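A.B. asks: Here it is, the structure, as structure tokens.
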Amino acid sequence: MLRGMRSPHRTDDPADRTTGFVRLSDLPSGVLRDIALVLAADFVVGVSFGAIAVAGGLPLWVPVTMSLLVYAGSAQFSAAAALTGGGGAVAAAATGLLLNSRTAAFSLAVADSLGRTWAARLVGAHLITDETAAFVMAQPDRRSRKAAFWISGLGLFAVWNVSVLVGALAGSALGDTGRFGLDAAFPAVLLALVMPALRDSGNARRAGALGAVIAVAATPVLPAGAPVLLALLGLVAMRRRPVRPVEDPAAEPVTGPAPTSSGTPS
Amino acid sequence: MNAYLACVLALAAGTYAFRLAGPLLHGRVELPVRVQELLTLGATVLLVALLATGALTEGHDFAGWSRPAGVLVGGVLAWRRAPFALVVVGAAGATALLRLAGLP
């Protein structure tokens, strides 16, 4: 789906400018179908997030509020895992923020497509995710980029929040969650999230392994939250790589598996 | 509440600030690739540490064998590029079965 991506052309051709509202007909049906597939995949992920978070012991309002205000799948999973697994609030926020720092790069990449008014920019900014950035950057002209941004952005926001609420309500109905093995789900989800990075990067494997050993070894003796932050010492295992050809940093994350194929939250 | 709410609000505010980078700084600033790589690697290290401690420990103690075994099943499924839902169900299901069999 997201193959054949183009880097955003910045053109000032007046015919290429967008005015007024976005319409569904601004996008080819193939792109609309791709968006629908991602919406369906994200629905499953959202239900899982809501259910696991509540089953892990968080009050219902935490996953629901997080989804509305933070609105970033992987950061929500890691924050909820830290909160339920005794990682502590500081480690939860720190991990989430580090994960979401990549959103700044996406934001720079799609800024042209939000619209001209400040209201559109301020609202649109909240809708920037890996998925919307991928859809925007895959469109050939300014008009369809703006349409792709708002259609995928509003669709994803609606689907994500509804699905998390559905999952959270289902999770509260489960009762004794140890019996269902749901405590294994969070670490497994995090493993699925880091898998592409571990697959691709020796530095990620080395630093991750050292960090994990440090964190696990420190857990019996340090207060909750500290071991995970201490794991950042694992970064010393990083090795400088030879200089690579220049790449567009914003284009990198979408070279991984498309959201439709894996359904991995982003 | 309190710690939960503080965590959600801090994460929400910081994330929104990252998202505003484009509209506010567009054309004036570009994130160096090196910084980008370091942030990505830092996030990966934190995630691996979270999943390792989450899989192996409960409080300050060992969590028992069922949970890490389930996580391992989920990890193998993720490695084989299984769909997200299958990773979740596989990990939880394996742990549940092991507990049913009497493993702590």
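A.B. asks: Here are some conditions: (1) surrounded by fewer than 24 Cβ atoms within 10 Å (Cβ to Cβ); (2) modelled with pLDDT of 90 or more. A:GLY124 meets all but one. Which one does it not meet?
C.D. replies: (1)
A.B. asks: Which residue, of A:ALA55, A:ALA72, is within 11 Å of chain B (Cβ to nearest Cβ), surrounded by 24 or more Cβ atoms within 10 Å (Cβ to Cβ) and farther than 13 Å from A:LEU156 by Cβ?
C.D. replies: Among A:ALA55, A:ALA72, only A:ALA55 is within 11 Å of chain B (Cβ to nearest Cβ), surrounded by 24 or more Cβ atoms within 10 Å (Cβ to Cβ) and farther than 13 Å from A:LEU156 by Cβ.
A.B. asks: Of the residues B:LEU20, B:LEU39, only one is closer than 26 Å to A:VAL64 by Cα and either at pLDDT 95 or above or surrounded by fewer than 22 Cβ atoms within 10 Å (Cβ to Cβ) (or both); which?
C.D. replies: Going through B:LEU20, B:LEU39 in turn, the sole match is B:LEU20.
A.B. asks: I need a count of the residues in segment A:37-66 that are part of a helix (DSSP H, G or I) and either at positive phi or among the aromatic types (Phe, Trp, Tyr) (or both).
C.D. replies: Result for segment A:37-66: 3.
A.B. asks: For segment B:50-87, which positions are closer than 20 Å to A:PRO227 by Cα and more than 13 Å from the chain's Cα centre (by Cα)?
C.D. replies: B:LEU56, B:THR57, B:GLU58, B:GLY59, B:HIS60, B:ASP61, B:PHE62, B:ALA63, B:GLY64, B:ARG67, B:PRO68
A.B. asks: Please pick out the residue among A:LEU210, A:LEU193 that is touching a residue at least 24 places away in the same chain (Cβ under 8 Å), in a helix (DSSP H, G or I), surrounded by 14 or more Cβ atoms within 10 Å (Cβ to Cβ) and within 7 Å of chain B (Cβ to nearest Cβ).
C.D. replies: Result of the check over A:LEU210, A:LEU193: A:LEU193.
A.B. asks: With a cut-off of at least 2 residues that are more than 22 Å from A:ALA79 (Cα to Cα), in contact (Cβ under 8 Å) with a residue 40 or more places away in the chain and among the β-branched types (Val, Ile, Thr), name the helices (runs of 4 or more DSSP H) lying wholly within segment B:33-104.
C.D. replies: none
A.B. asks: Could you list, in sequence order, all residues of segment B:1-48 that are of a type in the set (Phe, Trp, Tyr) and within 26 Å of A:ALA197 (Cα to Cα)?
C.D. replies: Residues satisfying the conditions are B:TYR16, B:PHE18.
A.B. asks: Could you check how many residues of segment A:75-93 are assigned to a helix (DSSP H, G or I) and either more than 7 Å from chain B (Cβ to nearest Cβ) or out of contact with any helix residue (DSSP H, G or I) (no Cβ under 9 Å at 6 or more places or on another chain) (or both)?
C.D. replies: Of the residues in that region, 6 qualify.
The values are calculated or read from the model by the stated rules, or taken from the named source; none is laboratory data. Everything numeric in this text was worked out from a predicted model, so none of it was measured. No Cβ is skipped: glycine too gets one built from the backbone with ideal geometry, and neighbour counts run over all protein chains shown.
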